[in-house]
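A.B. asks: Structure provided below as structure tokens; questions to follow.
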Amino acid sequence: HGIELYGKNKNVPFVFAVEAFACVQSTQLGLNLGFMEVEIEGDALSVAKKLQREGIDKSDICAYIRDGQGLNERFCTCQFKHIHRSTNGVAHLLATEGLKKGE
């Protein structure tokens, strides 16, 4: 059960999946726009670390991590950086409201 497994917030894996998917989408957008150097920022530290790390990820979001790492290799420079949630206010507000509405 999600509640026992994830404690108070049963949406935690979902939130990390959304953050990882957003990083992959941002990376793909950078490629589509023809950028050779990109810096992708997100407020999920573990996602940023997983995307920056080399090697195989075995977490629940491994498919997104693998996709992001694969896209990363197509740039001259691609960095995934963690930023504090307070500096990412609009994105956090949208994500919070989406979760409340079940979107």
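The values are calculated or read from the model by the stated rules, or taken from the named source; none is laboratory data. Computed from a predicted model, the values in this text were never measured in an experiment. Here the Cβ positions follow ideal geometry from the backbone for every residue, glycine too, while neighbour counts run over all protein chains shown.
A.B. asks: Looking only at the range 30-44, which residues are part of a helix (DSSP H, G or I) and exposed (fewer than 13 other Cβ atoms within 10 Å of the Cβ)?
C.D. replies: Within the range 30-44, Asn32 is the sole residue that qualifies.
Residues checked against (1) modelled with pLDDT of 90 or more; (2) farther than 14 Å from Cys78 by Cα:
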| site | (1), (2) |
| --- | --- |
| Gly2 | no, yes |
| Pro13 | no, yes |
| Phe35 | yes, no |
| Asp43 | no, yes |
| Ala48 | yes, no |
| Leu51 | yes, no |
| Glu54 | no, no |
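A.B. asks: Among (1) of a type outside the set (Asp, Glu); (2) surrounded by 12 or more Cβ atoms within 10 Å (Cβ to Cβ); (3) not in a helix (DSSP H, G or I), which single condition is Leu71 missing?
C.D. replies: (3)
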